[in-house]
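Coordinate-derived values only; no laboratory data. Values in this document were obtained by computation on a predicted structure and should not be read as measured data. All Cβ positions, glycine included, derive from the backbone under ideal geometry; neighbour counts span all protein chains shown.
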Amino acid sequence: MDSTPASPSADAAVPMGGLAPGAVLVTPVSGAGASVAGELDAYSSGPAGLAVQLRAVLPQDVVESLDGLRVWVTAHTDGQLVAFQAVARRAGRTSVDLAGVTVPVQEHRRGSVRASTTLPAALRLTEAGDPPPRVSARTVDLSRASCRVQLEGVDAAGMPVVGDLVDVEIDLDGRSTVARSRVLRVDPRSAQAVLQFTALDPEDAARIERHVLRLVTP
């Protein structure tokens with residue numbers, strides 16, 4: 001069996017804004033493949049969330065390639081976001097059973113799991129100069145959809161403005177990840193800014209997902 005998950009098909013594209021209710025995101029634990037989005041078909045959890053089971057509907061080629069692999073699972077169900085690690089088991093032509101015994105992470109009112117993490121970063125204002133100025137930063141928290149950054153060496157006048165488009169470069173596991181982003185919030189007193197990703201390579205998004213889930217799950 002090929003241990004490399006198939007590339008997501010068009011109907012399995014992962015939305016940049018995070019998961020909508022009833023959506024599932026499956027990310028192989030190892031390797032460099034992209035995450036795959038699907039639909040939640042069934043979900044149950046035992047007392048205290050220790051035993052988690054769900055069935056997801058995914059493209060047929062992806063189901064075949066994931067069978068037997070250990071994966072991260074993120075699902076938006078029952079008004080909350082849960083995440084856990086599982087072994088994928090093919091349940092049908094386009095369905096896979098995912099069962100884990102780790103305690104799920106619960107994130108209310110969010111579409112992506114977020115973790116506190118400090119990583120080297122830099123911002124470039126895409127609409128300011130040619131080339132645009134580079135501002136050193138470090139991440140405060142991170143998800144596959146957004147990040148909070150601490151800007152370094154800037155005063156209030158040098159802070160980006162809400163609505164600005166920026167390119168944020170994050171050093172993740174020794175590899176540069178660049179995301180086109182929009183500034184959502186700015187706090188000049190703390191020199192922090194919240195950025196929402198608007199364009200991100202799918203494999204880079206999966207690398208962020210793996211990094212975050214390693215931090216927030218047992």
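In terms of modelled amide H atoms, which long-range or inter-chain residues lie less than 5 Å from the amide H of Ser95? The answer is Leu58. The string of couplings for the range 30-43 from the Karplus curve (6.51, -1.76, 1.60, θ = phi - 60°) is 10, x, 10, x, 6, 6, 10, 9, x, 10, 7, 9, 7, 8 Hz, one whole number per residue in order, with x for Gly and Pro. Here's how it looks for Asp41: its modeled amide H is under 5 Å from those of Arg55, Ala56, Val57, which are all 5 or more places away or on a different chain. Looking at the range 156-218, the trypsin sites (Lys or Arg not before Pro) that sit in a DSSP loop and have at most 14 other Cβ atoms within 10 Å of their own Cβ are Arg189.
Each residue of the range 174-183 was assigned a 3J(HN,Hα) from its phi angle through the Karplus curve 6.51 cos²θ - 1.76 cosθ + 1.60 (θ = phi - 60°); the sequence is x, 10, 7, 10, 10, 10, 5, 9, 10, 6 Hz, with glycine and proline shown as x. Taking packing as the residue-averaged number of other Cβ atoms within 10 angstrom, the listed peptides 56-66, 151-161 run from highest to lowest as 56-66, 151-161.
The residues packed around Ala88, meaning those with a beta-carbon under 10 Å from its beta-carbon, carry a net charge of +1 if Lys and Arg are +1 and Asp and Glu are -1.
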